[in-house]
Amino acid sequence: MEGKEELKKAAEAYKDWTKLAIFDDKGAVIHSSEEIDVAELKEFLGAFDDRDKTVGKGLTLDKEHYDVHRCYENLVYGRKGKPGNCQGICVHKFQNEKAKKNMFAVVTWGGYATSARIVPELQEYCKKHVATL
């Protein structure tokens, strides 16, 4: 099992990530790159329940609103801003292999990074470093 320092060190390899939070199915923070509003994280728990509601409502993190443009069984992601000057967000739901319960990760990024690269990075990070906690 990896501890908070190991999770932090592993996340540092992903240079385009600006914020990262790992939390359980109750919204309890397991790891965060910075102070995160737990009430906002708890809102993400229902993001996978109703696609239309999630796309219509969007996501809010650190009091910043993001439009959702993709919503799948275990991934919800979107962005705010304009091409070349935007920030992206992705929420990933995955299974904890030991406890057999859902866990969540949210990551944001900016600049010219794209969801096509960041989303698989988040999935890889969760699989390698978080799913076995």
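Determine whether segment 32-41 contains at least one residue that is in contact with a Gly (Cβ under 9 Å, 6 or more places away or on another chain), farther than 22 Å from Lys100 by Cα and of a type in the set (S, T, N, Q). No: zero hits. Among the candidates Arg117, Arg51, the residue that is touching a Cys at 6+ places or on another chain (Cβ under 7 Å) and among the charged types (D, E, K, R) is uniquely Arg51.
Tallying residues that are loosely packed, with under 13 Cβ neighbours inside 10 Å and not in a helix (DSSP H, G or I) within segment 36-50 yields 3.
Could you list, in sequence order, the residues of segment 52-69 that are in contact with a Gly (Cβ under 9 Å, 6 or more places away or on another chain) and within 18 Å of Lys19 (Cα to Cα)?
Hits for segment 52-69 are Gly58, Leu59, His65, Tyr66, Asp67, Val68.
Select from segment 45-77 the residues that are on the phi > 0 side of the Ramachandran plot and either of a type in the set (A, V, I, L, M, F, W, C) or touching a Ser or Thr at 6+ places or on another chain (Cβ under 9 Å) (or both) and list them in ascending order. Of everything in segment 45-77, just one residue is on the phi > 0 side of the Ramachandran plot and either of a type in the set (A, V, I, L, M, F, W, C) or touching a Ser or Thr at 6+ places or on another chain (Cβ under 9 Å) (or both), namely Asp62.
Based on what the data block shows, is Thr54 open to solvent by less than 30 Å² (accessible area, probe 1.4 Å) and either over 21 Å from Val130 (Cα atoms) or in a helix (DSSP H, G or I) (or both)? In short, yes. Inside segment 1-35, can you point out the residues that are open to solvent by less than 60 Å² (accessible area, probe 1.4 Å), of a type in the set (A, V, I, L, M) and in a loop (DSSP other than H, G, I, E, B)? If the condition is that a residue be open to solvent by less than 60 Å² (accessible area, probe 1.4 Å), of a type in the set (A, V, I, L, M) and in a loop (DSSP other than H, G, I, E, B), then Ala28 is the only one that fits.
Thr60 satisfies every condition listed in (1) open to solvent by 10 Å² or more (accessible area, probe 1.4 Å); (2) in a strand (DSSP E or B); (3) at pLDDT 95 or above; (4) more than 15 Å from Leu41 (Cβ to Cβ) except (4).
The values are calculated or read from the model by the stated rules, or taken from the named source; none is laboratory data. Please read these numbers as outputs of a predicted model, since none were measured by experiment. So basically every Cβ, Gly included, is an ideal-geometry build from the backbone, and we count neighbours across all protein chains shown. With ligands, DNA and RNA removed, areas are computed over all heavy atoms of the protein, side chains included. Shrake-Rupley method; radii C 1.70, N 1.55, O 1.52, S 1.80 Å.
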